[in-house]
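The values are calculated or read from the model by the stated rules, or taken from the named source; none is laboratory data. Quick caveat: nothing in here was measured; it's all calculated off a predicted structure. Heads up, the Cβs are rebuilt from the backbone with ideal geometry, glycines too, and the neighbour counts pull from every protein chain shown.
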Amino acid sequence: MSNTIRVITVIVDTQNLTLYTPEGEAICIPQGSIDVSKIIESIPKIVSQGYADIELSEKNTYIRFQEESNSAIRFFRVAKDELKRLFDQSLSITQTMQVVSEITANAKPVHDKAFHEEGLDKQGKIEDNYLSSKNHSDTSSNETIIAVTKEGAVIPGVEKIKTQLNKATQLGSTIGVETFLKRIGAVIGKRKHSIDDLLSFMERGDLPIADDGSILIYKILTKTDKEGIYVDCHTKNVKQWVGAYVCMDEKLVDPNRKNECSNGLHVARRGYLNQFSGDVCVLAKVNPEDVIAVPEYDANKMRVCGYHIIDILSAEDFSVVRTNKPMNNLEQLARAVSGNHIGITDIVKIGGQKGSNITNEKADIVEEPKKQSVTKIEKITPISDQQKEVFPAVEPKQVNEAVAKLSTKQQIQDLIPKMKKPEDAQSIIDLKRKAKKAWDHFGIDEALVKKIMELSTKK
């Protein structure tokens, strides 16, 4: 995914560099980030033309997440061949732990400078409607980034969810992603291919991970003549509503990734919604354990064995997301993330193919919406001293001096075309003297210097 941003102002303090976009968005880059040098190099352009386009690497994402999670999740850069022993054979718990220890011992930990080498961690551009099996991370063919949980589970390919990791650290809450990784870590031995597919789906995902580790998705349904009751767009047989948990036996869901359209419950990311013909869009949660397959040729949708409908998008937001743009109701999204929504009220179970043999039953316990609020203020996690040794901080004085110097140059360049009076010429001379730089530093040749000096002495 392209991470190029337009910056109009940079503010530096001892902890962070704060970048401001033309839209007023503030982006905090911690001191110690490898992006600091390229930001400083962009200051001349910001001063001269009012903005600069800066491509951020976000290489510190993994460090910040690991530290924010108190090392509940650890990251390593590792050769893919090292993982074969872990997933290509059945191992006991003791054997698994031994293999994990050996893998991490030979891997590059997140604080190792080699972890941040070019190639693996650099993401390529993702087209909004790109429907290909191509891996969108510009990853090395023989390396991957793994997440290791405290329970000893290893999840490879987490470079695909770097966006989610980064957002979690900026919001100051890693609990959702932590829980997500722990949940998929518990089933990865059983469904490694499903987990690989899920991460590919989330690489293009536009919705955050919920605090309970579930995946937020969109689902388009069709209205019925009964208010609040909807049916699936395909069979029109499965009645469902807000609060319903729609599910089917895992055995009924086609696990073959080569089959694009097949048996199972289909859910999608925003970029695929225009493929469906329904007239209402719901917000739903999918348990990561319930993901069965993501089509090999289209990672914009996936087949699951269950989803929980938690809310309905407004007609306005439905129209917006159908054109592959973000939903406007951020409060609704915040409630979904925090769990402040309706629990499972009913279980709608599909017992046969093509939406047949349907049973409905009331849930034993209906969870009440949580009352906590979700902070909208982004906070940044400071970089550790260890990380700052790898990528040294920049002193605010360096930036201030650069801005002052460049500002003087720009002021002089702006004054020269307007220079008509002696006082105009004198202003240029005064600025030059104050800067204590030679005329050529400001791009002024000898002929122009002579003109400035002559004009300044006229009465």
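The table that follows gives values for the structure above.
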quantity: Test result for Ala299, buried (at least 17 other Cβ atoms within 10 Å of the Cβ) and in a loop (DSSP other than H, G, I, E, B); calculated: yes
quantity: Output for segment 220-277, where each listed residue is free of Cβ contacts under 8 Å to residues at least 12 places away in the same chain and either in contact with a Phe, Trp or Tyr (Cβ under 8 Å, 6 or more places away or on another chain) or of a type in the set (Lys, Arg) (or both); calculated: Lys226, Lys251
quantity: Single unsatisfied condition, Ser71 versus (1) closer than 23 Å to Thr163 by Cα; (2) part of a loop (DSSP other than H, G, I, E, B); (3) at pLDDT below 80; calculated: (3)
quantity: Criterion: under 28 Å from Val158 (Cβ atoms), surrounded by 17 or more Cβ atoms within 10 Å (Cβ to Cβ), in the same structural domain as Arg322 (by TED's automatic domain parsing) and of a type in the set (Val, Ile, Thr) - qualifying residue of Val282, Val238, Val267; calculated: Val267
quantity: Residue list for segment 154-178, restricted to those being over 18 Å from Asp197 (Cα atoms) and either among the polar types (S, T, N, Q) or not in a helix (DSSP H, G or I) (or both); calculated: Asn166, Thr169, Gln170, Leu171, Gly172, Ser173, Thr174
quantity: Qualifying residues in segment 23-44 (those that are more than 22 Å from Phe115 (Cα to Cα) and small (Gly, Ala, Ser)) - the one modelled with the highest pLDDT; calculated: Ser42
quantity: Unique residue being touching a strand residue (DSSP E or B) at 6+ places or on another chain (Cβ under 9 Å) and either at pLDDT 75 or above or in a strand (DSSP E or B) (or both) when the list is Asp53, Asp81; calculated: Asp53
quantity: Qualifying residue in segment 390-399 (condition: of a type in the set (Lys, Arg) and either modelled with pLDDT of 85 or more or closer than 30 Å to Val246 by Cβ (or both)); calculated: no
quantity: For Tyr20: the one exception among (1) more than 27 Å from Gly185 (Cβ to Cβ); (2) modelled with pLDDT under 80; (3) among the hydroxyl-bearing types (Ser, Thr, Tyr); calculated: (2)
quantity: Residues (buried (at least 23 other Cβ atoms within 10 Å of the Cβ) and modelled with pLDDT under 80) located in segment 178-194; calculated: Ser194
quantity: Subset of segment 62-89 that is acidic (Asp, Glu) and without any contact (Cβ under 8 Å) to a residue 40 or more places away in the chain - its residue that is nearest to Lys150 (Cα to Cα); calculated: Glu82
quantity: Search result, residues across segment 343-354 that are crowded, with 17+ Cβ neighbours inside 10 Å and assigned to a loop (DSSP other than H, G, I, E, B); calculated: Ile344
